[in-house]
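The values are calculated or read from the model by the stated rules, or taken from the named source; none is laboratory data. Since this is a predicted model, take the numbers as computed values, not measurements. Neighbour counts are summed over all protein chains in view; Cβ atoms, including those assigned to glycine, are modelled from backbone coordinates with ideal geometry. To get the accessible areas, we keep the full protein, side chains included, count just its heavy atoms, and leave off ligands, DNA and RNA. Shrake-Rupley method; radii C 1.70, N 1.55, O 1.52, S 1.80 Å.
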Amino acid sequence: ASAFGYYLRAAQHSANDLLIYESLLRAAFCFEQQGERPFSTKHLFEYAIGAAPSRPEAYFHICRFLEWKNEWAQILLFSSIGMNTTVDAVEPPLTDLQYPGTYSLKFYRALSAMDYPVMSTIPTHFQP
């Protein structure tokens, strides 16, 4: 609980956009580990996306979080947006955000598109 408070305070009082972004992600990780606040966790991931929409890590983590809830339409939405708005050459994060790489958003997009016959072309985008 105290870690969450520190992360939230850092996000509220910092002038550094990258620190705000990482603090929001770390706060979401705190709630995610507790497992009892799914709405707060999802909203913190969304706030992190709003703080730095060109960074890929938050898109990946919200997709990973939504996978546990079987919300495939939401995963398709966030992975598609993430693939189209993130840039590869971003400043490295201040801490390890457990982001495996750009293929992860392609993977989630292909995985979630399997349920939608209209989106039958999406799995071909998973080609390296």
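Let me have the 222 nm mean residue ellipticity of the chain computed from DSSP H runs of 4+ only, each contributing -39500 (n - 2.57), with the sum over all residues rounded to the nearest 500.
-20000 deg cm²/dmol, from helical runs alone.
Count charges around residue 10 for me, please; just the other residues with Cβ under 14 Å from its Cβ, Lys/Arg as +1, Asp/Glu as -1. The partial results should precede the final answer.
Values: positive: 9, 26; negative: 17, 22.
Counting the neighbours of residue 10, the net charge comes to 0.
Along the Cα→Cβ direction, 7 angstrom out, place labels at residue 77 and residue 13. What is the inter-label distance in nm?
3.5 nm
Quick check: at a probe of 1.4 Å, how many percent of the accessible area of the chain sits on carbon and sulfur atoms?
Carbon and sulfur atoms account for 58 percent of the accessible area of the chain.
Using 7 Å Cα-to-Cβ label points, what is the residue 69/residue 102 separation (nm, one decimal)?
Distance between label points: 2.9 nm.
With axes computed from alpha carbons, what is the tilt in degrees of helix 38-51 against the longest principal axis of the chain, rounded to the nearest 10 within 0 to 90?
So the helix axis and the longest Cα principal axis differ by about 90 degrees.
Using only Cα atoms, tell me the angle between helix 57-68 and the longest principal axis of the chain; keep it within 0 to 90° and round to the nearest 10.
The answer is roughly 70 degrees.
At 1.4 Å probe size, with every protein chain present, just tell me what the per residue accessible area of the chain comes to in Å². If you can, show how the numbers build up before the last one.
Numbers: 7450 Å² over 128 residues.
That works out to 58 Å² for each residue.
Taking amide H atoms as placed 1.01 Å from N in the peptide plane, list the residues 5 or more away in sequence, or in a different chain, whose amide H sits under 5 Å from that of residue 99.
For residue 99, no residues qualify.
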